[in-house]
Structures are given as C-alpha cells and as structure tokens.
Amino acid sequence: MEQVQRDMSNLTCDEGEHKKPKVFKRQPRDVVPAEMKNEVTGLTHECGVFGAIACGDWPTQLDIPQIILLGIVALQHRGQESAGIVTSEGKCSKHFKVHKGMGMVSNIFNDEAIKKLSGNLGIGHTRYSTSAASEAVNSQPFVVHTAHGALATAHNGELVNAASLRRQVLERGVGLSTHSDSELITQSLCLNPNTCERDGPDWPARIRHFMTEAPLSYSIVIMLKDKIYGVRDPYGNRPLCIGKIVPVDVDRKVKVEDAPAEGWVISSESCGFLSIGARYVREVEPGEIVEMTRNGIRTVDIVNRPDQKKMSFCIFEYVYFARSDSLFEGQMVYSVRLQCGRQLARESPVTADIVSSVPESGTAAAHGYARESGLHFAEVLCKNRYVGRTFIQPSNRLRQLGVAKKFGALSENVAGKRLVLIDDSIVRGNTIGPIIKLLRDAGATEVHIRIASPPLLYPCYMGINIPTREELIGNRMNPEELARHVGADSLAYLSVEGLEEAVKLNRQTKGKREQSGYCTACLTGEYPGGVPDLEW
C-alpha cells in the first residue's frame with residue numbers, strides 16, 4: 001500500500017495556523033448538530049470547482065492564477081465560507097503553491113497572494129459546508145504528498161456512502177485529519193486500486209476504482225504535477241463543464257472547435273467563461289473522466305451507472321443554485337426560469353394588475369409569468385446590495401422589521417394595485433411574510449404569491465444544505481394555510497410535472513433521451529441511490 005505523508009511542510013501555504021477540527025457524528029439532516037446548522041433563511045450550495053491549464057510551451061504567457069481567481073469569483077454564489085487555489089509549474093512533482101482561507105474570495109486573495117501562485121496549471125475551490133464544519137482545516141483544495149508526488153483535489157457534492165468508504169480507508173491504515181468528504185476522496189485516490197500498477201500509478205484506474213466504490217454525488221477536479229483530471233459522478237448529479245481559452249483577437253463567428261486553444265478550463269458552471277476569454281465547449285458527461293494536459297483535452301474513461309439507471313441531474317440547479325447565465329444541457333438557465341414562470345401562469349392564473357418579483361431570484365420567472373398572462377411587469381422591491389449575513393437587531397420590533405434591511409418598496413408602482421409576486425422558492429417561510437407587509441404598507445390592495453418551483457419537503461444528502469423536514473414550511477402548511485400565515489391573498493406553487501416540463505422543453509441531450517433525467521429528491525423524496533445511511 002502506498003504510504004501517504006501528512007506532513008505539509010513542503011507546501012507554500014499562507015492560510016495561517018489551522019485550528020483543531022471539531023469532531024461530529026455524521027447524521028441525517030433531521031438531526032444536524034447545532035454547530036453545523038444553517039443560519040440563513042434560504043438554501044446553500046456546498047461549493048464550486050474550477051481548473052485551468054495552459055497549452056503549448058511552458059512557462060506560459062497566460063496568467064493562470066488570475067484566470068482561476070476570476071473563475072472562482074464567478075462561482076462565489078455556490079459558496080461563501082472558504083476558498084482556495086493550488087498551482088503547479090508543471091516540473092516538480094513535490095511542490096505545489098497553495099493559498100486558501102476562510103471568507104469570501106475577495107477577502108482571501110490580494111495581488112501579493114496571486115503573484116506567489118505563479119504556475120502553468122492549477123485548480124480552485126469556493127465552499128459552503130454541509131457534512132463537515134466551517135473551519136480552515138476543511139477549506140479546499142486538499143493537497144497531500146504521496147510516494148509519486150503531490151496530489152490536489154477540489155470537490156463539489158456529498159458522498160452518500162461516505163460511512164463505508166471511510167471505513168475502507170481507515171482499515172487500510174490511512175489516517176484522516178478531518179470529517180470532510182473531500183479529504184476522504186483525496187485519500188481514497190492515493191490508495192492502490194485492486195489491480196497491479198507498473199511504471200508508476202495509473203491515475204485513471206484509481207479514479208475509476210473510486211467511482212465504482214462511490215457512485216454519487218460529486219464533481220471533482222484533480223491536479224497532478226502536469227495534468228488535471230475532471231470527474232463527474234455516473235448519475236451526473238452535480239454539474240461540470242469544459243471551456244477553451246482562445247486568443248483575444250479571434251472573431252466570435254469562428255466556431256469554438258475551429259478556434260486555436262491557448263488553454264483549457266473546467267468549471268462547475270460556464271458563467272465565468274466570457275470574463276476569462278474562454279468559450280463554452282461542452283459538459284463533462286455523467287461518469288466521464290477527462291484529462292487536461294498542455295497538449296489538449298481527452299476522455300480517458302467513462303464509468304456507467306449501476307443497473308443502467310437514469311441520469312439524475314439536480315433539478316434545483318435550474319431553479320435556484322446556478323447563475324442565470326450558465327448553460328446546462330444546451331440551454332441557458334435564465335431561459336428555463338423564464339419557462340417556469342410561463343408554466344406557473346398556466347397552472348395558477350390570478351386576476352391582477354401587475355406582476356413583479358422578489359429580486360433577483362424570482363425575476364426571470366416573473367417575466368415569464370407576465371408574458372404568458374398578458375399582465376404588465378413592474379418592479380416593486382428595491383434590493384439593498386450592501387447587507388451582509390450578519391446584522392445587529394437590538395429589539396423585537398427591529399427583528400420583526402428585518403426585511404427592511406434587505407428591501408425597500410417602490411410605492412409609486414405598488415399603490416392601489418393588485419399584485420402577483422413571484423419568487424423561486426420558499427424554504428422556511430421567514431422572509432415572505434415581512435415582504436408582503438412591506439408591500440401592503442406601500443399601498444398594495446392585493447398580494448398573490450406564486451412560487452416558480454414545487455414545495456421543498458425532504459432533505460438533500462447530495463451536497464445541498466436543505467434544512468430539516470420540521471423547518472421546511474411546506475411540510476407544516478398547505479398553500480392555503482401558508483397564504484393565511486404570511487398574509488397573502490393567495491399562494492400557489494409550480495407542480496413537479498410543470499417544473500420538469502419547463503426544464504425539458506428546450507434541452508439538448510446526447511445519447512438515449514430516455515436515459516436522461518433529474519434528481520427531484522428534495523421535492524418527492526425519491527433519491528437516485530435510495531436514502532443513504534449517514535452514520536459513521
């Protein structure tokens with residue numbers, strides 16, 4: 001068995017002294033320890049991953065660290081607790097350059113930090129914690145030293161069979177310093193697979209072995225000395241896509257396949273590609289292992305789903321998590337959200353004067369609702385973009401008016417109007433009531449709430465921090481009860497069938513269309529691999 005060294009002294013790391021990690025017993029979401037509970041009112045995604053490599057001769061003229069920095073800035077919406085970047089010159093297998101820490105990307109990286117990260121390839125990560133605590137020791141990418149050199153990994157998702165995989169790793173004599181799935185993945189890759197290796201490690205075989213042991217849920221970028229592997233779980237539950245960095249003077253009319261490549265990028269979402277001079281190429285297919293080198297990009301293996309089960313792409317990427325300018329299945333997320341609004345208008349029409357949204361989450365769906373219903377769209381809420389997650393509220397009265405710190409009402413658009421207000425989802429139901437009161441105080445005569453997704457009823461075990469079933473308002477109240485509770489004249493959700501219809505309308509799928517599909521576990525309780533055993 002390959003010996004894995006935990007000594008990180010050979011790394012250049014500016015993240016500061018690690019705190020001793022708190023030890024948690026991994027439990028179902030209904031009994032998450034208080035230290036790990038989500039304090040915000042909405043949903044939180046676990047993380048975003050990004051990788052970049054320069055083509056041709058090295059040292060490259062591309063500023064790889066800056067490209068990765070812009071890449072994870074574009075993925076900031078996927079996690080705001082910690083971030084990190086690891087780079088390699090592509091020559092020394094013993095030395096990676098590392099900088100990571102707690103907080104937002106802009107607070108962690110400055111010009112000095114980026115200059116120290118010079119390299120020809122690298123990976124980045126931005127994180128929100130689910131299965132492990134929000135501490136510096138859990139920030140990514142993870143870097144370990146093996147008998148064959150340094151290895152770095154960054155992971156988006158959550159392993160549903162982490163308990164059994166953890167036991168396997170521990171039984172083979174490998175110690176783990178955290179309770180993070182991502183470290184578990186890293187150490188699993190360092191173990192020899194059940195095949196003989198000659199002339200060094202067979203990393204594709206190791207990755208394949210891991211994928212057969214852990215079928216979901218993950219998208220992973222793995223960096224070695226001079227190459228990057230991109231991996232997407234066989235169910236395609238978490239997103240991952242490829243982009244090509246092209247010369248700045250290449251005409252936009254030139255097809256991406258015909259444009260010369262200065263480098264390649266791989267990312268959880270395509271939303272940041274234009275800002276770094278990259279063009280969208282395609283998604284990494286479910287179960288695909290992609291290899292990126294200075295010579296280009298190629299598929300080295302594809303791991304099939306167990307028993308020919310259907311793909312289970314997280315449908316809430318379309319509804320809530322992804323940035324609206326990202327592409328999934330050949331369609332822009334904004335267009336799907338627009339279609340959700342159209343479908344919602346067909347399913348739940350209402351007599352009103354105007355349609356509006358809770359900005360910016362419900363805006364695309366509100367435009368769709370307005371177009372389908374023939375009602376005029378008007379903004380009624382002004383969002384304060386300078387409010388952080390922490391806010392001192394010294395009295396009950398100010399706490400009850402908490403929504404005022406986030407929104408103001410455009411009274412001229414509201415006064416005397418019957419209003420349809422669109423939002424993308426309701427989680428705990430803490431925010432919508434104060435918003436309705438704000439609009440009524442501004443003069444709205446009626447406020448009808450329409451939600452452009454079905455009610456959330458079940459926890460997620462695949463990388464989304466959805467509150468417990470007791471906290472989910474959809475489990476405690478039906479739409480009529482919830483309307484009375486929040487002070488709305490009516491309230492209606494988009495149906496599960498309507499959401500799937502909206503998502504499938506303009507998608508472009510490869511291979512057998514009947515094999516494509518979506519994970520709706522948080523809406524229906526139907527989990528792709530069954531309800532997992534989360535005990536350690």
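The values are calculated or read from the model by the stated rules, or taken from the named source; none is laboratory data. Predicted model only: the values in this text are computed from it and were never measured. When we count neighbours, we look across all protein chains shown, and the Cβ atoms used for this are built from the backbone with ideal geometry, even at glycine. What goes into the accessible areas is simple: the full protein's heavy atoms, side chains included, and nothing from ligands, DNA or RNA. Shrake-Rupley method; radii C 1.70, N 1.55, O 1.52, S 1.80 Å.
Quick notes
- Filtering region 370-385 to residues that are outside any loop (DSSP other than H, G, I, E, B) and either farther than 14 Å from N413 by Cα or charged (D, E, K, R) (or both) leaves A370, R371, E372, S373, K383.
- Residues in region 458-473 that are assigned to a strand (DSSP E or B) and β-branched (V, I, T): I464 alone.
- Index of the failed condition, P215 passing every other in (1) open to solvent by less than 10 Å² (accessible area, probe 1.4 Å); (2) of a type outside the set (S, T, N, Q); (3) within 22 Å of T520 (Cβ to Cβ): (1)
- In region 326-356, residue most open to solvent (accessible area, probe 1.4 Å) [restricted to those that are part of a helix (DSSP H, G or I) and farther than 18 Å from F316 by Cα]: R346
- Filtered residues of region 290-325 (kept if touching a residue at least 60 places away in the same chain (Cβ under 8 Å), within 15 Å of V265 (Cα to Cα) and not charged (D, E, K, R)): V290, M292, T293, N295, G296
- Among (1) surrounded by 22 or more Cβ atoms within 10 Å (Cβ to Cβ); (2) closer than 23 Å to Y334 by Cα; (3) at pLDDT 95 or above - the single one E497 does not satisfy: (1)
- Given (1) at pLDDT below 85; (2) farther than 24 Å from V231 by Cα; (3) of a type in the set (V, I, T), index of the condition T130 fails: (2)
- Sub-8 Å Cβ pairs linking a first residue in region 474-500 that is within 17 Å of L438 (Cα to Cα) and assigned to a helix (DSSP H, G or I) to a second residue that is at pLDDT below 95 and not β-branched (V, I, T), at least 6 apart or interchain, are H485/G429; H485/G433; V486/G429; V486/G433, ordered by first then second residue.
- Verdict on R232 being open to solvent by 30 Å² or more (accessible area, probe 1.4 Å) and basic (K, R): no
- Failed item, numbered, when M104 is tested on (1) under 22 Å from the mean Cα position of the chain (by Cα); (2) modelled with pLDDT of 95 or more; (3) not charged (D, E, K, R): (2)
- Of all residues in region 256-264, none are touching a residue at least 60 places away in the same chain (Cβ under 8 Å) and in contact with a helix residue (DSSP H, G or I) (Cβ under 7 Å, 6 or more places away or on another chain).
- Residue, modelled with the highest pLDDT, within region 445-457, restricted to residues that are part of a loop (DSSP other than H, G, I, E, B) and surrounded by fewer than 21 Cβ atoms within 10 Å (Cβ to Cβ): T445
Yes/no per residue for (1) modelled with pLDDT of 75 or more; (2) more than 15 Å from I354 (Cα to Cα); (3) more than 28 Å from the chain's Cα centre (by Cα):
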site	(1), (2), (3)
L375	yes, no, yes
I392	no, yes, yes
F407	yes, yes, no
N413	yes, no, yes
V420	yes, no, yes
P434	yes, yes, yes
